[in-house]
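First comes the structure, then the notes that go with it.
The values are calculated or read from the model by the stated rules, or taken from the named source; none is laboratory data. Quick caveat: nothing in here was measured; it's all calculated off a predicted structure. Every residue, glycine among them, receives a Cβ derived from its backbone with ideal geometry; neighbour counts consider all protein chains shown. What goes into the accessible areas is simple: the full protein's heavy atoms, side chains included, and nothing from ligands, DNA or RNA. Shrake-Rupley method; radii C 1.70, N 1.55, O 1.52, S 1.80 Å.
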Amino acid sequence: MKLKLYIISTLFLLGNEMHSQFLWYENETTAENILQTSSLNGTFSINETNPDTNGINTNEVTSKFVRESDVTKGFSYFELSQNLLEDVTYTISLKAYVDIPTVDLSDIDRIRLYIENTTTGDLKAVTLNFSKGQEWEEFSFVFNEGDLPSDGFLEDGYNQIYIGYGNGQESTSDVTYYVDQIYGSVLQEQIVPEPLEEDPLVDVLKGSWGGRFYVRGGEDLDEYVASEADGGKAYDYIAGAQEMANNYPTMGHVMTNGTNNANSQLWTLRTNPNVDTVMGAENSVVDEEFVPSLENEQIIIDVINILKTGGKKVILYVNSLSPASRATEEGAVAWNNYVDTYFEGDGHAAWMNYCEGYIKRFTELGVDGYWFDAFGSYNSNKQPEEDDEVSTFEQRAEFIQMVRNAAPNTMISTNIDKDSFVDENGDLMKVDTDGIDEAVGVDGTDDDPNRDYAIIKMTATNPWSDFTAGHITPLGQGAPPNSWAYEEFTVSDIEESSISIYENEKQTLKHLFLPIRATWSSERSDLMFDNDQAYRFAKRITDAGGAVTFSNTTSTDGTTSDDEVEILTFLNEQFELNAEATVYERPLGAFLVGENESLSTNSNELTDSTFTIYPNPVKDSFKISKDFVSIFIYNISGQELLKFSEDQTDFNISKLNTGVYFLKVNDNKGNSNFIKLIKE
């Protein structure tokens with residue numbers, strides 16, 4: 001049940017008539033008389049710093065929408081607490097800001113407002129144009145009597161409004177908009193959502209550190225376990241699983257394989273009851289390439305049993321692509337024939353049925369969860385139209401629902417739609433790879449020393465995941481797995497809260513997934529972590545209630561590489577002692593793009609500081625132990641935010657957002673000193 005509170009109306013002039021207007025939405029006054037529920041092709045956020053407080057909107061904080069690049073429309077949706085039931089004139093006004101200079105505006109720099117009945121689909125939109133750039137502008141959207149389709153009033157009325165940003169305008173980069181002070185001509189009641197009930201699936205990995213045990217699938221499994229005399233590689237996966245179970249008692253979970261990495265067709269099990277049923281033959285298979293021998297399917301069964309007996313939660317990697325996408329030519333033909341013969345060409349239905357059979361068997365073995373890779377490219381050999389986002393979303397939703405029906409208590413993660421840290425302007429924060437951690441290529445070497453990389457943020461980006469995929473920036477495209485930026489931002493964000501919530505509905509545990517080497521699966525690439533750093537990552541994350549998985553590799557005998565064993569052993573020993581982790585310090589010479597290099601926390605100016613500020617972290621204000629002429633406060637990008645003069649004795653920073661800043665003190669001898677300041 002939603003708690004509803006009435007608000008006081010205000011009056012303002014529209015045209016030549018006085019209309020009663022009611023405040024529906026505003027960050028500054030925390031008015032949420034309509035509820036922001038979702039967004040499309042962009043990210044909606046609240047309590048953002050107002051980019052222009054000198055115009056018609058003087059509020060300190062407001063809402064922001066960052067429209068994605070290479071799209072022609074973006075939307076933020078709001079639920080009305082009280083449906084519009086009468087066919088009368090409705091006026092909705094708001095203030096908006098677009099971060100495009102006025103001289104660059106065109107007739108397609110639009111803002112559009114829709115009123116919709118989401119049950120019937122009836123809707124009406126009013127479109128207006130920005131006439132000013134980088135400045136607040138007021139818009140009034142008038143829906144006259146007769147504008148809204150009558151059927152929408154007959155079926156419970158109109159229940160939603162949504163804002164369209166730059167509809168029809170294409171941009172190769174993100175476009176930032178701000179919206180504030182939404183008023184309507186109908187009284188709405190404040191919506192206070194019920195707090196979300198605790199999700200038990202979120203707790204399954206809470207505070208857990210884990211490892212990876214990569215078992216091959218399909219015909220590859222037969223090759224890897226065959227003796228060298230028979231032309232195989234003689235991997236002993238049973239010994240490898242026993243090593244994981246026995247040697248690391250504090251390890252809470254292990255990710256192993258339902259399918260071969262990056263190959264959805266290569267399953268670790270052979271028999272599939274759903275395929276037998278469809279094809280009408282005992283132990284039937286779609287293609288021999290897709291499955292191991294009956295003898296070798298026992299390997300994954302034994303591996304799971306060993307890990308479960310060792311007290312580990314077991315998560316299975318499953319690739320979500322169509323089996324035809326990476327199979328051999330013969331395998332792709334076999335899959336497509338299977339789809340056409342038994343599912344009338346519906347690859348989505350065929351794939352769901354195929355996966356369901358395996359998931360039922362894995363559920364019987366006690367598997368605790370699934371990590372679905374390539375979920376952004378999920379599907380079948382029959383893709384919907386490129387612009388049919390609803391159809392694609394529905395197919396993914398149906399697939400997840402199938403998994404939950406087949407395994408009601410399993411936890412799920414989908415590798416889709418990553419999030420990254422942005423600065424106060426909505427721009428990506430990027431690491432300058434001229435620091436000590438360079439870009440890492442697939443062979444562990446510097447791939448491109450001039451490439452700058454974004455910093456991944458563990459955010460709930462979909463309604464299906466119980467824990468975040470945690471998959472860091474693709475290797476060879478920027479950040480090494482042990483990047484200082486992950487420690488400074490990603491891990492710190494998990495410490496602030498181990499739970500992310502998707503659109504006020506789905507709780508997701510923050511989980512970071514890190515290769516222990518420069519590549520995900522090869523023991524021949526460079527080892528990235530040392531003992532202390534690996535433990536510091538794991539300790540900080542698990543103490544905060546989050547989860548971390550180190551993707552260690554499988555050596556040529558089926559066990560873990562010796563140098564990785566050393567790290568995992570150290571982690572286990574430290575966790576058994578509940579030892580304190582070493583203290584993180586930003587490495588010398590490491591800095592963000594646009595950040596003044598002298599502001600690096602390990603620069604000489606910082607380490608030579610002869611003053612202190614207190615308290616630090618700071619909630620509202622601080623004091624300083626040194627005489628000074630001026631004090632400047634910078635954000636992590638090196639931008640000046642505040643300045644204090646020598647006649648002040650108390651320094652209030654309550655308007656700053658929570659985060660890390662740098663304080664520069666100039667004394668009367670012309671010296672400058674820096675210190676890191678943390679705002680609570």
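Residues are listed down the side, and each one gets a yes or a no for (1) open to solvent by less than 30 Å² (accessible area, probe 1.4 Å); (2) at pLDDT 80 or above; (3) within 21 Å of Glu487 (Cα to Cα); (4) not in a loop (DSSP other than H, G, I, E, B):
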residue: Leu588; (1), (2), (3), (4): no, no, yes, no
residue: Thr649; (1), (2), (3), (4): no, no, no, no
residue: Asn657; (1), (2), (3), (4): no, yes, yes, no
residue: Lys664; (1), (2), (3), (4): no, yes, no, yes
residue: Lys676; (1), (2), (3), (4): no, no, yes, yes
Positions within region 279-293 being open to solvent by 40 Å² or more (accessible area, probe 1.4 Å) and modelled with pLDDT under 95, in sequence order: Met279, Gly280, Ala281, Glu282, Asn283
Go through Pro195, Pro200 for me and flag whichever is modelled with pLDDT under 95 and closer than 26 Å to Gln82 by Cβ. Pro195
Quick test for you: out of Asp230, Asp174, Asp222, Asp156, pick the one residue that is closer than 30 Å to Ile115 by Cβ, more than 34 Å from the chain's Cα centre (by Cα) and not hydroxyl-bearing (Ser, Thr, Tyr). Asp156
Test of understanding: among Gly210, Gly152, which residue is free of Cβ contacts under 8 Å to residues at least 40 places away in the same chain and either open to solvent by less than 20 Å² (accessible area, probe 1.4 Å) or assigned to a strand (DSSP E or B) (or both)? Gly152
Lone qualifier among Ala226, Ala241, Ala234 - being over 30 Å from Asn353 (Cα atoms), surrounded by 16 or more Cβ atoms within 10 Å (Cβ to Cβ) and among the hydrophobic types (A, V, I, L, M, F, W, C): Ala226
If I go through region 70-83 residue by residue, how many of them are assigned to a loop (DSSP other than H, G, I, E, B) and either touching a strand residue (DSSP E or B) at 6+ places or on another chain (Cβ under 8 Å) or hydrophobic (A, V, I, L, M, F, W, C) (or both)? 3
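Yes/no matrix, rows are residues, columns are (1) among the hydrophobic types (A, V, I, L, M, F, W, C); (2) touching an Asp or Glu at 6+ places or on another chain (Cβ under 8 Å):
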| position | (1), (2) |
| --- | --- |
| Leu514 | yes, no |
| Thr542 | no, no |
| Thr556 | no, yes |
| Thr559 | no, yes |
| Leu571 | yes, no |
| Gln574 | no, no |
| Leu577 | yes, no |
Could you tell me which numbered condition Thr91 fails, if it satisfies all but one of (1) touching a residue at least 60 places away in the same chain (Cβ under 8 Å); (2) of a type in the set (Val, Ile, Thr); (3) within 27 Å of Gly55 (Cβ to Cβ); (4) out of contact with any Ser or Thr (no Cβ under 7 Å at 6 or more places or on another chain)? (4)
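Matching residues to (1) among the charged types (D, E, K, R); (2) open to solvent by 30 Å² or more (accessible area, probe 1.4 Å); (3) at pLDDT below 80:
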{"residue": "Met528", "(1), (2), (3)": "no, yes, no"}
{"residue": "Gln533", "(1), (2), (3)": "no, no, no"}
{"residue": "Thr560", "(1), (2), (3)": "no, no, no"}
{"residue": "Ala579", "(1), (2), (3)": "no, no, no"}
{"residue": "Thr601", "(1), (2), (3)": "no, no, yes"}
{"residue": "Asn604", "(1), (2), (3)": "no, yes, yes"}
{"residue": "Asp608", "(1), (2), (3)": "yes, yes, yes"}
Out of (1) part of a loop (DSSP other than H, G, I, E, B); (2) under 21 Å from Gly166 (Cα atoms); (3) modelled with pLDDT of 90 or more, the odd one out for Glu86 is which? (2)
Here the residues within region 36-54 that are assigned to a loop (DSSP other than H, G, I, E, B), surrounded by fewer than 16 Cβ atoms within 10 Å (Cβ to Cβ) and not β-branched (Val, Ile, Thr) are Asp52, Asn54
Candidate set: region 294-349, residues that are of a type in the set (Val, Ile, Thr) and open to solvent by 10 Å² or more (accessible area, probe 1.4 Å); chosen: the one farthest from Glu243 (Cα to Cα): Thr341
